[in-house]
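The structure that follows is given in the form of structure tokens.
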Amino acid sequence: MDALLEVQHEAITSSADVVDRLRRAAESQVRFFVEHPNESLVAIREFRWAEGEAMIDVQKRRLRYRKAFEDLLIEGDRQGRLSVENAKDCSVLHH
């Protein structure tokens, strides 16, 4: 999950335009999953076998990942570049 978060961060910080940042973040996710299939499975499923503090850590990282998409959707809507009724729902659907 850390590698996926890093790829997402690099994509989001690579442009000032919110729509471009959202596109790059989505593309980076797909690219990561294709280029790193084993790591992708771990990132997607790690919450299933984590317990205790490890589970809390996994949940925090997954929330950080989803929140980045949510923040982009909110920013795009606020700028009038996107039309989003519920950014939280959209970011959950994306993830």
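Given the options Ala11, Ala26, name the one that is surrounded by 15 or more Cβ atoms within 10 Å (Cβ to Cβ) and out of contact with any helix residue (DSSP H, G or I) (no Cβ under 6 Å at 6 or more places or on another chain).
Numbers: Ala11 fails: out of contact with any helix residue (DSSP H, G or I) (no Cβ under 6 Å at 6 or more places or on another chain).
Exactly one of Ala11, Ala26 is surrounded by 15 or more Cβ atoms within 10 Å (Cβ to Cβ) and out of contact with any helix residue (DSSP H, G or I) (no Cβ under 6 Å at 6 or more places or on another chain), namely Ala26.
Filter the range 12-36 down to the residues that are without any contact (Cβ under 8 Å) to a residue 24 or more places away in the chain and among the aliphatic types (A, V, I, L, M), then identify the one that is farthest from Ala68 (Cα to Cα).
In this case the residue turns out to be Val34.
Next up: Contact list please: Cβ distance under 9 Å, first residue in the range 56-70 and without any contact (Cβ under 8 Å) to a residue 60 or more places away in the chain, second residue small (Gly, Ala, Ser) and outside any helix (DSSP H, G or I), pairs at least six apart or on different chains.
Here the result reads Ile56/Ala50; Asp57/Ala50; Val58/Ala50; Gln59/Ala50, each pair linking the range 56-70 to a residue that is small (Gly, Ala, Ser) and outside any helix (DSSP H, G or I).
What is the residue count in the range 75-85 for residues that are out of contact with any Asp or Glu (no Cβ under 6 Å at 6 or more places or on another chain), free of Cβ contacts under 8 Å to residues at least 24 places away in the same chain and not in a helix (DSSP H, G or I)? Talk me through it step by step, then tell me what you get.
Residues of the range 75-85 out of contact with any Asp or Glu (no Cβ under 6 Å at 6 or more places or on another chain): 75-83, 85.
After this cut, where a residue has to be free of Cβ contacts under 8 Å to residues at least 24 places away in the same chain as well, the list is 77-78, 80, 83, 85.
Now restrict to residues that are not in a helix (DSSP H, G or I): 80, 83, 85.
Summing the residues that are out of contact with any Asp or Glu (no Cβ under 6 Å at 6 or more places or on another chain), free of Cβ contacts under 8 Å to residues at least 24 places away in the same chain and not in a helix (DSSP H, G or I) in the range 75-85 gives 3.
Determine whether Leu72 is in a helix (DSSP H, G or I) and more than 25 Å from Asp17 (Cα to Cα).
So Leu72 fails the test.
So which residues in the range 59-94 are surrounded by 14 or more Cβ atoms within 10 Å (Cβ to Cβ), at pLDDT below 85 and either within 14 Å of Met1 (Cα to Cα) or within 16 Å of the chain's Cα centre (by Cα) (or both), if there are any at all?
Result: Ala87, Lys88, Cys90, Ser91, His94.
The values are calculated or read from the model by the stated rules, or taken from the named source; none is laboratory data. Worth saying up front: this structure is predicted, and the values here are computed from it rather than measured. When we count neighbours, we look across all protein chains shown, and the Cβ atoms used for this are built from the backbone with ideal geometry, even at glycine.
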